[in-house]
Amino acid sequence: MYLHVPFCFQKCPYCAFYSMRGTKNDIDAYLTALEKELLWWKVYLGDKPRALSIYIGGGTPTCLSVEQWQRLIDLLQRYVRVNSDVEISVEANPDSLTEEHMKLWKGWGVKRVSLGVQSLCDEELLWLKRTHTAKRALWAIDRLLHFGFHVSGDLMFGLAGQSLRKWHTSLSNLVHSGVTHISIYQLSIEEGSVWGKNPPSGVQNGYVHYRWAQWYLEKSGFSQYEIASFSRPGYECRHNQAYWFEKNVLPLGPSAWGYIDGTRFWNVKTLAEYLKRATMNISPVEGKERLTLEKSGRESAVLALRTSRGIHIPSFEERYGEDLINSILFEFENVPEDCLCWKGDFLSLSRKGMRVANSIWSLII
């Protein structure tokens, strides 16, 4: 289950995810609409949905006050059944995260907190127009660990003026802070973002930063289990693996998208339309797409190649047919051997292959 919280105190210039500054009334109206969406799913499915994992992202979920969070938790407890070992993850920003949030989440059963660190160099945070400092991010990590959460830290590379030394400083400080999971993302200027209309100068391609992270994080006890994700053993994010291995995902909130038994579908994009649908007591689902077998297979191959596990050839052939897997393998004949890794019946990308993954995936799609 993915739940989108569409509120931010301030929009980051590189971000194209849907979010807005929300008043108390906006957030209260959103929670009322969310209850109606949960009711709609209960009717559609014939029972409360059962969640193996719940991921609450945004936006900035820590924009919600403790009282609003309590209301959100009450809704999920009322309308969602959870497995005893459910993984509940919450995204948080260092500037808006409080110990009151942590206490409430711990009591509910949150296991993972994904913290938007982005950098541990103050000059880079200023350039990104983030509202926290490196010191505040490290404080947030320390307190989260104190409360017993598994903490994931996000970092960005390819920034203007980001030397390899500065990148190492952020990586090293994050590793030594005690986090058990690190996600790294290259800065990309997305259409629909502030910088998409007026790109900043000096943005780097980030290849050497990514290569350094692969070497340094593995040396520091983190395994790369996905193109952007590194974890200590046993701390992989179960929810994200649901996307990569095409598990059913139930979306909640404006702009959220999901996948059920071969059909991809998505909610209305704006809070205004989401609230309008709720007042009319109709589903917020705006559209859906039933993938053809070939398109589904090619997307499945790309998703599997995001992971260190890769494609299990016999299972893929059984599901999508011999012709499609042979077509994909034929297209890989011109890929350098050191970019691919065969382990028994599994085909994955090597560390070098991960660094040029976009070029390899383009051969499939």
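The values are calculated or read from the model by the stated rules, or taken from the named source; none is laboratory data. Everything numeric here is computed off the predicted structure, so don't read it as measured data. Cβ: placed from backbone, ideal geometry, glycine included. Neighbour counts: every protein chain shown. Calculation scope for accessible area: heavy atoms of the full protein, side chains included, ligands and nucleic acids excluded. Shrake-Rupley method; radii C 1.70, N 1.55, O 1.52, S 1.80 Å.
Just need a number here: residues in the range 328-353 that are out of contact with any strand residue (DSSP E or B) (no Cβ under 6 Å at 6 or more places or on another chain), open to solvent by 20 Å² or more (accessible area, probe 1.4 Å), of a type in the set (A, V, I, L, M, F, W, C) and under 17 Å from Ile227 (Cβ atoms).
Count: 1.
Restricting the range 166-182 to residues that are out of contact with any His (no Cβ under 6 Å at 6 or more places or on another chain) and not in a helix (DSSP H, G or I), which is surrounded by the most Cβ atoms within 10 Å (Cβ to Cβ)?
Here the residue is Ile182.
To keep it simple, each residue is scored yes or no on (1) farther than 21 Å from Ile27 by Cα; (2) open to solvent by 40 Å² or more (accessible area, probe 1.4 Å).
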site: Leu52; (1), (2): yes, yes
site: Gln68; (1), (2): no, no
site: Asp74; (1), (2): no, yes
site: Val82; (1), (2): yes, yes
site: Ala92; (1), (2): no, no
site: Leu97; (1), (2): no, no
site: Ser119; (1), (2): yes, no
site: Thr131; (1), (2): yes, yes
site: Ala140; (1), (2): yes, no
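Could you please find all residues in the range 38-63 being in contact with a Leu (Cβ under 6 Å, 6 or more places away or on another chain) and under 22 Å from Tyr243 (Cα atoms)?
Scanning the range 38-63 gives Pro49, Ile56.
Quick one: in the range 148-162, which of the residues that are in a strand (DSSP E or B) and touching a Phe, Trp or Tyr at 6+ places or on another chain (Cβ under 9 Å) is surrounded by the fewest Cβ atoms within 10 Å (Cβ to Cβ)?
Of everything passing the filter in the range 148-162, Asp154 is surrounded by the fewest Cβ atoms within 10 Å (Cβ to Cβ).
Do any helices (runs of 4 or more DSSP H) lying entirely in the range 33-147 carry at least 3 residues that are within 21 Å of the chain's Cα centre (by Cα) and touching a residue at least 12 places away in the same chain (Cβ under 8 Å), and which ones are they?
Where helices (runs of 4 or more DSSP H) fall fully within the range 33-147 and carry at least 3 residues being within 21 Å of the chain's Cα centre (by Cα) and touching a residue at least 12 places away in the same chain (Cβ under 8 Å), they are 66-79, 99-108, 134-146.
Quick one: in the range 252-273, which of the residues that are in contact with a Phe, Trp or Tyr (Cβ under 9 Å, 6 or more places away or on another chain) and more than 16 Å from Tyr2 (Cα to Cα) is most open to solvent (accessible area, probe 1.4 Å)?
Checking each candidate, the answer is Thr270.
Name the single residue that is surrounded by the most Cβ atoms within 10 Å (Cβ to Cβ) among those in the range 1-32 being in a loop (DSSP other than H, G, I, E, B) and of a type in the set (Lys, Arg).
Filtering the range 1-32 for residues that are in a loop (DSSP other than H, G, I, E, B) and of a type in the set (Lys, Arg), the one surrounded by the most Cβ atoms within 10 Å (Cβ to Cβ) comes out as Lys11.
Is one or more of the residues making up the range 277-299 over 23 Å from the mean Cα position of the chain (by Cα), on the phi > 0 side of the Ramachandran plot and open to solvent by 20 Å² or more (accessible area, probe 1.4 Å)?
Yes, the range 277-299 contains a residue that is over 23 Å from the mean Cα position of the chain (by Cα), on the phi > 0 side of the Ramachandran plot and open to solvent by 20 Å² or more (accessible area, probe 1.4 Å).
Can you find a residue that is among the small types (Gly, Ala, Ser), open to solvent by less than 50 Å² (accessible area, probe 1.4 Å), assigned to a loop (DSSP other than H, G, I, E, B) and at negative phi anywhere in the range 191-204?
Checked the range 191-204: at least one residue is among the small types (Gly, Ala, Ser), open to solvent by less than 50 Å² (accessible area, probe 1.4 Å), assigned to a loop (DSSP other than H, G, I, E, B) and at negative phi.
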